[in-house]
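Presented below is the structure to which this report refers.
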Amino acid sequence: MRKIRKAVMPVAGLGTRVLPATKSIPKEMMPVVDRPAIQYVVDEARAAGIEHIVFVTGRNKGAIEDYFDRAYELEVTLRDKKKHDLLAKITSEVPVAGSTSFVRQQVPLGLGHAIWCARDVIGDEPFAILLPDVLVKSQTSCLAQMVGAYERVGGNIIAVDAVPMERVSSYGVIAPKSREGKLIEMAGMVEKPAQADAPSNLKITGRYILQPEIWGLLADQAAGAGGEIQLTDAMARLMESQSFHALEYDGDDYDCGSKIGYFEANLAYAIDHKEIGGEARALLEKWCQDVDKSA
Ligand code: G1P
């Protein structure tokens, strides 16, 4: 079984749901407490053994490439001012040289097309995809849980989570066949179904382990839901010849592409933050009491 060494992170999206903030900052660079959202996703990938990340970018996303580079002027200034803690903070998160690649999706044709743009850099090996809009807060990295499942059953693995039926039309949704604990053998999947047509309430969370045969299918995938080339449609075709399992991972996910999800992510990471966690919890409790009193 080939090890999962590489991951794709599509970061070309316009971030329209959090405009105007994303007019001049990539949505992936919006801070969650004190780190850009994308740093949490990179940490999740690294904790799962990923050695190389391919970012699929678009215009106005240069800040992401700069963030994952050294910042010499800032480093010299911090060193001169003897701010060693801050210096360690900004240098420790820079990826090893040569372990990131950036490719452009020139036209926003959909998630399936964005992933396809990474085909030459990933090549002929199984790989992971992490959608950086979604942060998954968990004891064990969500992707590491999936790699564990992959090492048991091989094939293709998708992370899923139950949502209320009213929300299924916002997601890719799977049809389960059989279940062994948290691992579900899949019978099908569909992108953004109407509630009445949804095969279950298990939504695709934005973490995938896929076999390289997906490349040929993405190459000629027709547009689907929303007029976009959908990864889900290409995966549904791959399922005709390969095994697909869904993993109900342990952890909570936050959709930072939406205002409320971004707000909740900030709360969730703030109350566990090593510097401000205690104060953040106390503040939240006070707010809740004040709201209760004024109700
Ligand atoms: C994408 C995927 C969808 C998945 C979702 C998770 O949709 O196409 O299958 O459920 O991410 O966040 P998007 O949110 O880009 O519309």
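Observations on the structure shown:
- Relative contact order of the stretch 154-295, pairs being alpha-carbon contacts under 8 Å that are 6 or more residues apart, as %: 26
- Within the accessible area of the stretch 70-131 (1.4 Å probe), percent carbon and sulfur: 57
- When both bridge partners sit in the chain, DSSP labels roughly 60% of those beta bridges antiparallel.
- Taking every Cα-Cα distance in the chain and sorting them into 10 Å bins starting at zero, the pair-distance distribution P(r) comes out as 6, 26, 35, 22, 9, 2, 0 percent.
- Annotation: per residue accessible area for the chain equals 51 Å², rounded to a whole number [probe 1.4 Å, protein chains only].
- Global geometry of the stretch 173-239, whether rounded, prolate or oblate, following the gyration tensor of its Cα atoms and the 1.5 cut on a/c: oblate
- For the stretch 250-295, with all protein chains in place and a probe radius of 1.4 Å, 59% of the accessible heavy-atom surface sits on carbon or sulfur.
- Here the alpha carbons of the stretch 1-141 define both size measures, Rg and Dmax, at 15.8, 50 Å.
- Across the chain, Cα pairs under 8 Å and at least six residues apart give a relative contact order of 22 percent.
- Net dipole in debye of the chain [+1 Lys, Arg Cβ; -1 Asp, Glu Cβ; about Cα centre; nearest 20]: 380
- Accessible surface of the stretch 141-196 [probe 1.4 Å, protein heavy atoms]: carbon and sulfur percent: 49
The values are calculated or read from the model by the stated rules, or taken from the named source; none is laboratory data. Being a predicted model, the structure only gives us computed values, none of them experimental. Here the Cβ is made from the backbone with ideal geometry for all residues, glycine too, and neighbour counts use every protein chain on show. For the accessible areas, the whole protein counts, side chains as well, though only heavy atoms, and no ligand, DNA or RNA atoms are used. Shrake-Rupley method; radii C 1.70, N 1.55, O 1.52, S 1.80 Å.
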